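The structure appears right after this line, and notes come after that.
A short reminder: the numbers here are calculations on the coordinates, not readings from a lab. Keep in mind that this is a model prediction, so the values were computed, not measured. Don't worry about glycine lacking a Cβ; one is built from the backbone with ideal geometry, like all the others, and counts go over all protein chains shown.
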Amino acid sequence: MTLDEFKATRHAAAPPAGTSELLLALWHDGRNDWEQAHRVAQEIDTAAGARVHAYLHRKEGDASNAAYWYRRAETSICQTTLEEEWEQLASEFLG
C-alpha cells in the first residue's frame, strides 16, 4: 500500500485489513481521533511505538511529554510540521 492509498483509507469506516498497530495509531490520528490513537500507541512497547507516542504528544502540545517519548525512541525531537512527521512515520511503517 502506498502512502496516498493509506491516507485515502482515513475516510473509510474501518482501517485496512491487516493494519499494524503502528499504522492503526496513525490511522486514528488521521481521522482526528487523538484519544484512540493514543490508546493504541500506549500499548506498543518498541522504539517505533515511542516515536508515534512522541508525535501524538507533540501534536497535543505537550512538549515535555513529547520530549520524553522522543528520548525513549532514541531519536531527536522532530522539527518538521506535524503533517510531515505523520507522513514520514506512515511511509516508514508502510515500507
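If Lys and Arg each add +1 and Asp and Glu each add -1, what is the summed charge of the other residues whose beta carbon sits under 9 Å from the beta carbon of Y55?
The answer is +1.
Quick check on the exposure proxy: order H38, H57 from fewest to most C-beta atoms within 10 angstrom. If you can, show how the numbers build up before the last one.
Details: H38 18, H57 21.
With the fewest neighbours first, H38, H57 line up as H38, H57.
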message: Helix 21-30 against the longest principal axis of the chain: what's the angle in degrees, Cα atoms only, rounded to the nearest 10?
response: 80
field: Correct choice for Cα extents along the principal axes in Å that was computed from the model, options [x] 52, 36, 23; [y] 34, 22, 22; [z] 94, 45, 11
entry: [y]
task: Grab the Cα-Cα distance for T46 and R31, subtract it from 0.36 nm times how many residues apart they are, and report the gain in nm with one decimal.
output: 3.1 nm
- request: Can you tell me how much longer the chain between D4 and T75 gets when fully stretched, taken as 0.36 nm per residue apart minus their C-alpha distance, in nm with one decimal?
  value: 23.0 nm
